[in-house]
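Here is the structure we will look at, set down as structure tokens.
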Amino acid sequence: MKAASAPLMRWSWLFAALLVAGVALIARQVPTFGFVAFDDDHNIYLNPHLGPPSWPGVEWALTDWGYARRVMPLGWLGFSVVFGWAGLEPAGWHVVGVLLHAASALLLWVVLRTLLTSGETKTRAPRSAWVEASAFFGAAFWAWHPLRAESVGWASGLLYEQAHVFLFLAAWAWLRATSPRGRAVSVLLYAGSLLSYPVALGVAPMFGLLARWRGAAQRVRRCRLRASPARCSR
């Protein structure tokens, strides 16, 4: 079993590296971009409330609902952390955005791998190179798609990337949850996504679909443990 898992682990590392390398290649010019007068002024360089992390800044982030016409306290707190590191140097903001996008791509890949292996048992090979490749292509299609250009190449788009990280963490936690506490963690992570920026507001029904998928996968797993795998189907 260990001998069989070693090549599979190499595939995993290879696909993870390719996913991050693709993001780096596509976004290679992003750190040279500047701020733009489209929300970057209001959100970042002309924002009188924005500064390095401080208690007044935290208080404003948690209590102000009118400055951006959206409730996004975690988004403002994320901006404050970036400001404390990069100040008003656009390159720092763009580097953080690219790193968050790469992290989102890897998390989506993990979510897809979990989905594709949710019906397997310990008595059968839990993954294959085809599963790894399928999850990779799904994550790469999302991460490398031109529709990601706005969120990656725009300093204010860092809000989107932070929300994506929380969203994919929530989906992974939901798929892995085996108790009410685990599901509560997933709900909190989803709330973190919405409070970073409500870009995933319409994704809430996805958790119902994931729950149905997980239930079907558990039935398949129990069937395979009791009977011949050939008698069980998804």
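Here is how the numbers come out for the structure above:
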item: Difference of contour (0.36 nm per residue) and Cα-Cα distance, Leu46 to Ala149; result: 34.7 nm
item: Potential extension, Thr63-Ser179 segment - 0.36 nm per residue separation minus Cα distance; result: 38.5 nm
item: Ordering of 161-168, 96-103, 136-143 by packing [mean C-beta count within 10 Å, highest first]; result: 161-168, 96-103, 136-143
item: Förster radius 25 Å - calculated FRET efficiency between Leu209 and Phe137, Cβ distance, rounded to 0.05; result: 0.75
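Values in this text are rule-based calculations from the coordinates and carry no lab data. Just so it is clear, the structure is predicted and the values come from calculations on it, not from any experiment. Note that each Cβ is placed from the backbone with ideal geometry, even for glycine, and that neighbours are counted across all protein chains shown.
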